[in-house]
Amino acid sequence: MLTDWLADLIRLPSPSGDEGRVAAYLRDWALARGYETHTDAGNVMVRIPGQDPTRALVLHAHMDVVPPGDLSAWTDPPHEPVVRDGRMYGSGASDDKAGIAVAMAVAADLDGPPPVDLWLVWVTCEETDGSGSEAFARWFREHHQARYVHVGALLFESTDCDWLEYEAKGSMFLEITTRGKGGHAALKPAGEPTAIAHAAEIVRRLAAVEAGWHARGFDRTSLVVTHLAGGESTAPNRIDATCRMVVDVRTRAGVHERVLPELATVLADLPHEVTVRSTCPPGYTSPDDPFVRAFLDVAPGIDRRQSLASNDLFAFTGIGVPGFVYGPGSKVAIHKPDEYVVLANLERARVTVKAFLARLGAGPG
């Protein structure tokens, strides 16, 4: 059934903000099995009461996917799952519908109550701003968290079942607008920088800020200008008074809260405005946390790593819930045509997570 469920999910398009078809499928699946099912802010949450109601495991996966893009670049249509050479191909196969299907299988395999409360949590908008997981965290804290002495979260993301990630980058998307004197290009007054010249200086200073972070030991952080626009190609003799850039910022704990104050200081002498489009803080659980160690008990050869990207771990660590990322998907396969998941990893994840759930019955670590 695991691969059948994954195929069903792939057939249902679910770009960020339009996850309703997948949510309805999962809600109907849960209700048909008599599970306690909740919906809030587009999310679907299933609680299966355990033998120890004071502890819980959350299995988290996101329903949204990155749009398939140029359909001609796909070997097969993105929403028609195809099995070939031990892989299932389709939009969201690795990111993150394989994780959803594994969670479904773990629940379906139960023979009686799980050892602790088991939560299946399927959220919206992970690929954009993490708002689905933020909404779940608020809902869970308000309605359920107080009942538990201990609760931990496993977030299904792509690790090929070979490692877990205990730290996720924070992200911040900024829009910076610079200003200068506009007019006819031939009449540009000497010594008066244009908005584009100010933008070029900002790009240089952003690189220096990033280098400073690295020098202070905050590796894996970055500030990258992903869009820059000033003037019109159809008016090559005109200087526009504004230039706009978009900056992708990736942070770690100890950096995230310093981004805006540091940029304000570094750019203070330049005419500019900074607008925050969206922001997600970093997530961090100690790699020696008892919850992590319990997982290592059932997967002793697995590596512990910092994530190269952002994900929804922050929503859990932000309410005091330890968590980590693990899953059957492959990072090399995601966010591009012919996305796939290795079928053997589905079963590997299923077995490992079932063993982890059983291990939690003996305590968190």
About its Cα centre, the stretch 288-365 carries a charge dipole, from +1 on Lys and Arg Cβ atoms and -1 on Asp and Glu Cβ atoms, whose size in debye to the nearest 20 is 120 debye
Summing +1 per Lys or Arg and -1 per Asp or Glu among the other residues with Cβ less than 14 Å from Val116's Cβ gives +3
Note on the stretch 297-353: alpha-carbon gyration tensor, axes a ≥ b ≥ c; rule is a/c under 1.5 for rounded, else prolate if a/b larger than b/c, else oblate; result oblate
Number of Lys pairs in the chain closer than 25 Å at Cα, excluding neighbours under 8 places apart unless interchain, is 7
Output ordering of 64-77, 315-328 (per-residue mean of other Cβ within 10 Å, highest first) is 315-328, 64-77
Summing -39500 (n - 2.57) over every DSSP H run of at least 4 residues in the chain and dividing by its residue count gives a helix-only mean residue ellipticity at 222 nm, to the nearest 500 deg cm²/dmol, of -9000 deg cm²/dmol
Within the stretch 196-238, DSSP-loop GluC sites (Glu not before Pro) with at most 11 other C-beta atoms within 10 Å are Glu232
Taking only Cα atoms of the stretch 169-280, the Rg to Rh ratio with Kirkwood Rh works out at 1.04
Under the Karplus relation with 6.51, -1.76 and 1.60 and θ = phi - 60°, whole-Hz ³J(HN,Hα) for the stretch 174-184, x at Gly and Pro, equal 10, 10, 10, 10, 9, 10, x, 7, x, x, 6
Length-normalised contact order of the chain, Cα under 8 Å, at least 6 apart, in percent, tallies to 25 percent
When the charge dipole of the stretch 96-207 is computed with +1 on Lys and Arg Cβ and -1 on Asp and Glu Cβ about the Cα centre, the Cα farthest towards its positive end, among Gly130, Thr194, Met172, belongs to Thr194
For log10 I(q)/I(0) by the Debye sum over Cα atoms at q = 0.07, 0.13, 0.14 Å⁻¹, with candidates (i) -0.36, -1.01, -1.12; (ii) -0.44, -1.20, -1.29; (iii) -0.30, -1.07, -1.23, the value calculated from the shown model is option (i)
Per its Cα gyration tensor (rounded if a/c is under 1.5, else prolate when a/b beats b/c, else oblate), the stretch 62-189 is best filed as oblate
For the chain, whose charge dipole is built from +1 on Lys and Arg Cβ atoms and -1 on Asp and Glu Cβ atoms, the candidate among Ala229, Val341, Phe140 with its Cα farthest towards the positive end is Ala229
Here the stretch 106-111 yields Karplus 3J(HN,Hα) values (6.51, -1.76, 1.60; θ = phi - 60°; whole Hz; Gly and Pro given as x) of 4, 5, 5, 7, 4, 10
Per the charge dipole of the stretch 169-280 (beta-carbon charges, Lys/Arg positive, Asp/Glu negative, Cα centre), the residue among Thr265, Val255, Thr275 reaching farthest to the positive end is Val255
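Only the coordinates and a few stated rules stand behind these numbers; no lab work does. No experiment lies behind these values; they were computed from the predicted model shown. All Cβ positions, even for glycine, are placed from backbone atoms using ideal geometry, and neighbour counts span all protein chains on display.
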